[in-house]
C-alpha cells in the first residue's frame, strides 16, 4: 500500500503543468497528497462494497481498477522506497507513453461514470490522466466537467474524501484552469458548490445585519406574543370577537412570515420573492385581516336591531330583550 502511495504521488506531482501562480509547490503537493490518500481509501472501500445501491458499488470498483492501472505505470528502476522519495520529482520519473494502458484507464473511468453519473472523482482522474499525457486541452475539458459535476459533497465522496479535501480539490482545479486562461465569466454560478441550506448556514455563522434585526423581531413577537395571548386567554379574552381575532390573526401572520423566511434561507422561495418582501406581505395581510375584523365589528355594533332584541353590555352579542343572562358570555344582565 505504501508503494501505491508513492507511485500515485509520483504520477500527480510529476505533471509539471499542474501549477498555480501562488504557492505552486505546496499547492501541487497538497493536491497530490489528497488524491493519493483518496485513491487508497477508495480501493479499500471498493473491496467492502459499502453502499446499499449496486450502481454506486460497481462504479467504485471500476474507479479502483483504473487507479490500479495508474499505479502500474511506474517508469523508474526498482529501488528502495526511501531512496525514491528523496530529492525532486521530475516528469522523467513517470510517463504515459503506453497508449493502450491509457485507453484502458480512460475506458474504465468512462464505465464508472456510466454506471453512476454522480462519480465526479472519476472525472477528476480522467483530467489528471490526460494532463499527464500532455493533452492540456482535453485535460482542461475534464477539469471543467469535474467542477460542474462535483458541486455537491455527496455520500459517494464521503466514502474516501473529507469535506475539506473535497473542496481543496475543487479549488485547485478551478485555480489551475484560471492560470491556463480558461474564462469563467458568467459561469461562476454553474460551478459554484451547491451546499444544502447554504444561506441558512451562512446566516447562522455570518448573519447579515437586516437578517439579524428581522430575526430578533420574529423571536420577540413569537415568544412575547405567545405569552401575551396565553395571559389574555386566562383573563377571559374571547378570540372569536373582534379584538381577540385581530390579535390572533396578526400572531399567525408572523408565524407564516417567519416560516417563509426560514424556507427561503434553506431552499429559496418558489414564487420569486425574497424573504423580506414575503415577510412584509404576510405581516400586512395579518394587519389587514385584523383591521377588517375590527371594522366589521364596529359596523355590526351600530347596526339597528329588530324589535324585541338588545345587545349584551358586556360582549355586545345580540340577545332577546327579556334575557337575564347572556348566552355568549354567561354574564348576568341588569
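Overview of values
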quantity	calculated
Hits in the stretch 313-334 - residues which are within 13 Å of residue 236 (Cβ to Cβ) and surrounded by 14 or more Cβ atoms within 10 Å (Cβ to Cβ)	315, 328, 329
Scope the stretch 45-69; condition in a helix (DSSP H, G or I), free of Cβ contacts under 8 Å to residues at least 60 places away in the same chain and under 15 Å from residue 156 (Cα atoms); matching residues	46, 47, 48, 54, 57, 58, 61, 64
Count - residues of the stretch 261-317 that are modelled with pLDDT under 80 and on the phi > 0 side of the Ramachandran plot	3
Segments classed as helices (runs of 4 or more DSSP H), wholly inside the stretch 148-199, with at least 3 members that are at pLDDT below 85 and within 29 Å of residue 261 (Cα to Cα)	188-191
Flag if residue 108 is part of a loop (DSSP other than H, G, I, E, B) and at pLDDT 90 or above	no
Residue within the stretch 50-65 that is modelled with pLDDT of 90 or more, within 14 Å of residue 128 (Cβ to Cβ) and surrounded by 11 or more Cβ atoms within 10 Å (Cβ to Cβ) present	yes
In the stretch 272-317, the residues that are under 22 Å from residue 215 (Cα atoms) and outside any helix (DSSP H, G or I)	272, 273, 274
Conditions (1) in a loop (DSSP other than H, G, I, E, B); (2) under 23 Å from residue 123 (Cβ atoms); (3) at pLDDT below 50: number failed by residue 78	(2)
Number of the condition not met by residue 73 [criteria: (1) touching a strand residue (DSSP E or B) at 6+ places or on another chain (Cβ under 7 Å); (2) surrounded by 19 or more Cβ atoms within 10 Å (Cβ to Cβ); (3) at pLDDT below 55]	(3)
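The values are calculated or read from the model by the stated rules, or taken from the named source; none is laboratory data. If you're wondering where the values come from, they're calculated on a predicted model, not measured in any experiment. Cβ coordinates were reconstructed from backbone atoms using ideal geometry, including for glycine residues, and neighbour counts include every protein chain displayed.
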